Amino acid sequence: MCEKSAKANSPSSTPKRAAWTGCVRIGPIMAPVRAFNAVCDEESHGLHQYHRDCGERVVSPRRCPTHGPLESGEVVLGIETLQGTVAFPTDKELQELKPAKDEELVLSRFVSTADIDPVRFAGRHLYLVPASTAAAAPFRQITEALRRLDKAAVGQLAMNGRKHLVVVLVRGDRVTMHSLFYPNQIRLIPQYDIPTDSPDWNLAPLNRFISARNSRVNWNLFNDPARAVLAAIVSEKSHRELKARKRRTNGHDGNGEQRTNPARPHRRATRVRHQPQT
């Protein structure tokens with residue numbers, strides 16, 4: 001489960017470690033902040049692959065489709081082109097791809113919250129909170145200005161080795177920061193036939209249906225049915241059917257022996273593709 005604990009599935013659970021720390025600046029006002037992940041990034045069902053004999057979770061081996069298993073030194077980063085060739089950047093070129101760590105998020109563009117297209121959301125959502133008691137006052141000034149004007153603030157910051165386009169939204173006392181897709185990552189809408197005439201539709205029944213159900217959504221009413229089924233499966237298993245999993249901690253395996261951590265696998269080659277802009 002998220003954060004390795006079922007407790008994280010409850011609405012009251014909170015992240016314990018900040019994903020980014022720095023300052024938010026709007027004009028002359030600057031507030032030190034901390035950003036915490038707002039959602040759990042683990043899949044909802046919690047099913048994984050395990051070794052039946054020992055209970056260890058299965059990991060994908062580092063292998064080439066042609067030559068089979070590879071050593072860590074044989075794996076490099078590459079850029080695949082549309083022509084089918086692969087370019088291998090040097091270490092110096094790879095360093096140039098990494099942006100310098102930002103400790104300041106300058107918000108210099110402001111739009112109506114209604115103008116934020118949901119298609120642009122890239123999937124990273126974080127809570128913004130003041131980094132200290134002294135930072136609470138300037139943080140409140142920034143968020144109160146955005147709230148009263150009903151504006152969203154857009155900026156860029158480096159996080160996890162990448163330059164992210166982000167938007168800051170204020171909803172009551174909750175301030176969130178969301179990563180956005182860049183324009184070249186968003187595809188055009190598929191073409192479809194649009195009626196050229198303007199039919200005189202009777203929308204009264206549909207309007208009454210929508211109006212009768214127009215209320216604030218209680219999100220707690222929507223549950224993941226797979227999670228309840230999996231919980232029932234686990235509870236119905238006898239003790240003999242459950243396999244104790246070996247825990248690996250502090251560089252030791254489940255038997256207390258020192259183990260060597262393999263090098264982290266590099267990402268596969270990245271295809272260079274130019275997307276049409278919207």
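Assess whether residue 184 counts as being touching a His at 6+ places or on another chain (Cβ under 9 Å) and either in a loop (DSSP other than H, G, I, E, B) or surrounded by 10 or more Cβ atoms within 10 Å (Cβ to Cβ) (or both). Outline the logic, then answer.
Details: touching a His at 6+ places or on another chain (Cβ under 9 Å): yes; either in a loop (DSSP other than H, G, I, E, B) or surrounded by 10 or more Cβ atoms within 10 Å (Cβ to Cβ) (or both): yes.
When the stated conditions are applied, residue 184 passes them.
Any idea which residue in the range 209-236 is farthest from the chain's Cα centre (by Cα), counting only those that are charged (D, E, K, R) and exposed (fewer than 10 other Cβ atoms within 10 Å of the Cβ)?
Only one residue fits best here, namely 236.
Would it be correct to say that residue 154 is in a strand (DSSP E or B), out of contact with any Ser or Thr (no Cβ under 7 Å at 6 or more places or on another chain) and surrounded by 14 or more Cβ atoms within 10 Å (Cβ to Cβ)?
yes
Out of 257, 241, report the one residue that is exposed (fewer than 10 other Cβ atoms within 10 Å of the Cβ), of a type outside the set (S, T, N, Q) and at pLDDT below 70.
Within the list 257, 241, the selection yields 257.
Inspect the range 127-144 for any residue being charged (D, E, K, R), closer than 19 Å to residue 27 by Cα and either in contact with a helix residue (DSSP H, G or I) (Cβ under 6 Å, 6 or more places away or on another chain) or in a helix (DSSP H, G or I) (or both) and give the result as yes or no.
Yes, the range 127-144 has at least one match.
The values are calculated or read from the model by the stated rules, or taken from the named source; none is laboratory data. Note that this is a predicted model, so its numbers are computed, not measured. All Cβ positions, glycine included, derive from the backbone under ideal geometry; neighbour counts span all protein chains shown.
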